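The values are calculated or read from the model by the stated rules, or taken from the named source; none is laboratory data. Only a predicted model underlies this, so the values are computations on that prediction, with no experimental measurement involved. Every residue, glycine among them, receives a Cβ derived from its backbone with ideal geometry; neighbour counts consider all protein chains shown. The protein model used for the area step is the full one, side chains on, heavy atoms only, and it has no ligands, DNA or RNA in it. Shrake-Rupley method; radii C 1.70, N 1.55, O 1.52, S 1.80 Å.
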Amino acid sequence: MTDAWLTLEPGEAVEWEAHPRLMRAVPAILVSLALVAIAVAGAVIVDPLALAVLFVAPLPGGYAYLRVVNTRFVLTNRALYRKTGILGIDVRTVELDRVQNSKSSQGVLGTAFGYGTVTVDVAGGSDIRYFDIYDPDEVRADIERLAGGTDDVPGTLEQWREVREELRAIRRLLDGQPK
């Protein structure tokens, strides 16, 4: 579901895309519902003019909902994209060759329900965050794979055994022990 704001280069393909979880808007929606309750109670108990609050009651919830649905995260085989904005659009692009490191984090609720944040460290720029997304560990692994990073240790087990033996020989020489 890519939008007009995303212009891909020839050969560039979308690997993953999402938006923050809709649950992110729930606190503001609850504020809107509380304002409705206050307006109705105020109209019944104090003054019917309290119903004027109903005109502003939908604003917090509506704004939070629009922020969520108008935020997009896209990962292609060449870059990371983050689009935000309700009336205006702000697009942040980071080429994968500028990715230095990435990490995923989940709070207690995020661990229980499978959502979290992926933060990507960018060479020569500010970090880019994909927040409130499902499966953040998988997204981080995809970013690392596409950026060329890996968690694998280079070399074979036999090569590392040879390195260990060489280091032991150097230590014996430094300690003055015979080979």
Principal axes first, then extents: for the Cα atoms of the chain, list largest minus smallest coordinate on each axis, whole Å, largest first. 98, 44, 27
Surface share of carbon and sulfur [accessible, 1.4 angstrom probe, percent] for the chain: 59 percent
Solvent-accessible area per residue, Å², over the chain with all protein chains present [probe radius 1.4 Å]: 65 Å²
Can you send over the solvent-accessible area of Thr93, 1.4 Å probe, protein chains only, in Å² to the nearest 10? 60 Å²
With every protein chain present, what accessible area does Leu174 have (1.4 Å probe, heavy atoms only), rounded to the nearest 10 Å²? 140 Å²
In the range 62-179, if the dipole is taken from +1 on Lys/Arg beta carbons and -1 on Asp/Glu beta carbons about the Cα centre, which of Phe131, Gly88, Leu173 is farthest to the positive end? Gly88
Label-to-label distance, nm, for residues given as Val40 and Leu66 (7 Å Cα→Cβ offset): 2.5 nm
What does the convex hull of the alpha-carbon atoms of the range 1-62 project to on average, in nm²? 5.8 nm²
